[in-house]
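Reading through the structure tokens given below for one structure.
The values are calculated or read from the model by the stated rules, or taken from the named source; none is laboratory data. As the structure is a computational prediction, the values presented were derived from the model and not from experiment. Here the Cβ positions follow ideal geometry from the backbone for every residue, glycine too, while neighbour counts run over all protein chains shown. Accessible surface is based on the protein model in full, side chains and every heavy atom, while ligands, DNA and RNA are left aside. Shrake-Rupley method; radii C 1.70, N 1.55, O 1.52, S 1.80 Å.
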Amino acid sequence: MTLREGLLRVRAGEAAHPEAVAALTRLAAEHGTPLYVYDAETIREKARALRAAFEPRFPRLGLRYALKANTNVEIVRRVLAEGLAPEVVSEGEVRAALRAGAAGRDVLFTSSSKSPSEIDFALRHDVLLNIDNLDELEQVSAAATRLGTTARISFRINPGVDPDTLHQINTGIPESKFGVHLDGGHARAAYALARTLPALAITGVHCHIGSQITETAGYEKTARRMLAFARELKEELGLTLSFVDLGGGLGIPFADGQAVMTPEDLARALKPIWDEEVALLGYEPELWIEPGRYLVAQAGLMVARVNSVKTTPVKTFVNVDAGFNTLMRPALYGAAHRVRIVGRDGEPMLLDVAGDVCETGDILAEGRLLPRPSAGDLVAFLDAGAYGFVMASEYNARPLPAEVLVDGDHVRVVRRRGTFEELFRSEPEVGSPP
Ligand SMILES: *Cc1c(COP(=O)(O)O)cnc(C)c1O
């Protein structure tokens, strides 16, 4: 039995199987809880499935990894080793990509709010700046002029497409804060302005319509709009683009048996639209796709330990040693991560898994049918490899959890557990002069 086989059993709903119990018991004993556990092989499988879906259909292709899903350097290194390039949203993520071995030139930096120092840092490393608005465009042009360099830029376009996902992660609808609107000629005007400003090199066009998208329809509509826009740029401004980026957002199943769009489904749906529109366009830009969650979510689970179980007149709560400080998605979006009680297979009962943060909203899983655990049992939250640890905080003065990476039967600590000293290290010494 390898550790990986134990993890796969937990995933598959066999958390009472001796292999599952052995794997999680060992990890929790050696590394403590709450603990993020990642499986390297799952990351490789996902990256390869993405490539296998797109490479045969799109000879001119650029696949990227959106680092914000998981910025751990060992995770980023493994994704980049599969032939993906980094897509980042901050200077810290540019630095994370560089640390993982990427060249600045290969990094795409998208954010709706870049500070002057972030712009300078990106320009010094020849990062491709994905411009969000005209104010930012003028700042980038001025900064590149001042630094004596040429800024490679694209624009993030708001294509006005609703892919039917959670409101908080729906980014390409007209009321979203992101990008330059395609409708009303705003996007065309942005490219026209960019051509007149000094120290800019226009490269491509970008959009990202949202996250956890489970059907192809929104991408199909977006692809048509983006390629029609490329045609408009060619015909009216004489511009040719080196890439058209359709963003990330590929969803994953968050429930047992839930069917969602696969990369294969998406590539197959995009292919005829792409070919048709490229024929009209008269040249073929690279197709870029930049998933985050798809590549890493299923590789991760968060393990917590049960502190106590209590039945109130209304509900039964399983109080665990993790909370929204450790896994924020349930509190932030109402996201439902599957929960597995390790080593129990009793009659399921209705349980709420409650976090250890002193806030009413700190419920990690609400109203689930699960076998009743006892204090000391382990609980695993599935699909926590994306937007899990990266959103963790020290709220309630709790040190950050550890992260470990399992590769077959080998385990490596890829981020050691936070300490109480670290909670206070940036504060003044007690008793130091004001
Ligand atoms: C967050 C983000 C992504 C990745 O989204 P996923 O849903 O994790 O695939 C890609 N591109 C941009 C611009 C993003 O902000």
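The Cα center of the stretch 357-433 and the Cα center of the stretch 216-263 differ in position by 35 Å. Under the simplified labelling scheme, the residue 311-residue 124 pair shows an inter-label distance of 6.3 nm, with each label point 7 Å from Cα along Cα→Cβ. Computed over the alpha carbons of the stretch 191-327, Rg followed by Dmax gives 22.1, 71 Å. Between 0 and 90 degrees, rounded to the nearest ten: what's the tilt of helix 18-31 against the longest Cα principal axis of the chain? For 18-31 against the chain, the angle is about 80 degrees. Shown is the FRET efficiency for residue 374 and residue 237, computed with R0 = 51 Å from the Cβ-Cβ distance and rounded to the nearest 0.05: 0.15. Seen against the Cα atoms of the chain and their longest principal axis, helix 217-237 is set at about 20 degrees. Here the Debye sum runs over all C-alpha atoms of the stretch 249-333 as equal scatterers in vacuum, and log10 of I(q)/I(0) at q = 0.13, 0.25 Å⁻¹ comes out as -0.69, -1.28. At a probe radius of 1.4 angstrom, the accessible area of the chain per residue rounds to 41 square angstrom. The Kirkwood radius of the chain, taken over pairs of alpha-carbon atoms, gives through the Stokes-Einstein law at 10 °C and 1.306 mPa s a diffusion coefficient of 69 µm² s⁻¹. Across the options 282, 241, 312, the greatest Cα extent toward the positive end of the charge dipole of the stretch 216-317 (unit charges at beta carbon of Lys, Arg, Asp, Glu) belongs to 312.
Quick check: from the Cα gyration tensor, does the stretch 243-283 come out rounded (a/c under 1.5), prolate or oblate? Prolate, because a/c is 1.5 or more and a/b exceeds b/c. The average projected area of the stretch 74-124, computed from the convex hull of its Cα atoms over all directions, is 3.3 nm². Round to the nearest 0.05 the FRET efficiency obtained for residue 183 and residue 366 when R0 = 35 Å and r is the Cβ-Cβ distance. The pair residue 183/residue 366 has a calculated efficiency of 0.35. If I build a Gaussian network model for the chain, linking alpha-carbon pairs within less than 10 angstrom, which residue out of 84, 193, 50 has the largest mean-square fluctuation? Highest fluctuation of the listed residues: 193.
Please list, by residue number, everything in the stretch 19-60 whose backbone N is under 11 Å from a paramagnetic label point 7 Å out along Cα→Cβ of residue 286. Flagged as within label range: 60. For residue 186, the solvent-accessible surface with a 1.4 Å probe is about 110 Å², rounded to the nearest 10. Largest to smallest in accessible area, the residues 416, 4, 51 fall in the order 416, 51, 4 (1.4 Å probe, all protein chains included).
Hey, what angle do you get for helix 40-54 against the long axis of the chain, alpha-carbon based, 0 to 90 degrees rounded to 10? Roughly 30 degrees between the two axes. Oblate is the label for the stretch 379-424, because the ratio a/c of its alpha-carbon gyration tensor axes (a ≥ b ≥ c) is 1.5 or higher and a/b is not greater than b/c. Taken about its Cα centre, the chain carries a charge dipole of about 460 debye when Lys and Arg each add +1 at the Cβ and Asp and Glu each add -1 at the Cβ. Measuring r between the beta carbons of residue 138 and residue 12 and using R0 = 51 Å, the FRET efficiency lands at 0.40.
Considering only beta bridges that DSSP places wholly inside the chain, some 45 percent are antiparallel. A Cβ-based charge dipole, computed about the Cα centre of the stretch 251-385 with Lys and Arg at +1 and Asp and Glu at -1, lands at about 760 debye.
Helix-only arithmetic for the chain: the sum of -39500 (n - 2.57) across DSSP H runs with n ≥ 4, divided by the residue total, places the mean residue ellipticity at 222 nm at -10000 deg cm²/dmol.
Accessible surface ranking for 114, 46, 315, 177, 1.4 angstrom probe, highest first: 177, 315, 46, 114. Between 361, 218, 346, the Gaussian network model of the chain with springs among Cα atoms under 10 angstrom shows the greatest mean-square fluctuation at 346. The shape of the stretch 356-434 comes out oblate: with a ≥ b ≥ c from the C-alpha gyration tensor, a/c is at least 1.5 while a/b does not beat b/c. The residues 138, 429, sorted by heavy-atom accessible surface at 1.4 Å with ligands and nucleic acids left out, run 429, 138 from largest to smallest. In the context of the full protein assembly, residue 60 retains an accessible surface of approximately 100 Å², using a probe radius of 1.4 Å and ignoring ligands and nucleic acids.
Under 5 Å from the amide H of residue 66 lie the amide H atoms of 87, 292, each residue being 5 or more positions distant or on a separate chain, with H modelled from the backbone and absent for Pro and chain starts.
The heavy atoms of residue 358 present about 120 square angstrom of accessible area, all protein chains included, probe 1.4 Å.
Normalised by 2.2 N^0.38 Å, where N is the number of residues, the C-alpha radius of gyration of the stretch 1-134 stands at 1.31. Backbone phi angles across the stretch 145-162, fed through the Karplus curve with coefficients 6.51, -1.76 and 1.60 (θ = phi - 60°), yield HN-Hα couplings of 4, 4, 8, x, 10, 10, 8, 7, 10, 9, 10, 7, 9, 9, x, x, 10, 10 Hz in residue order; Gly and Pro are listed as x. Placing unit charges on the Cβ atoms of the charged side chains and taking the dipole of the stretch 7-64 about its Cα centre, the candidate lying farthest along the positive direction among 27, 43, 62 is 62.
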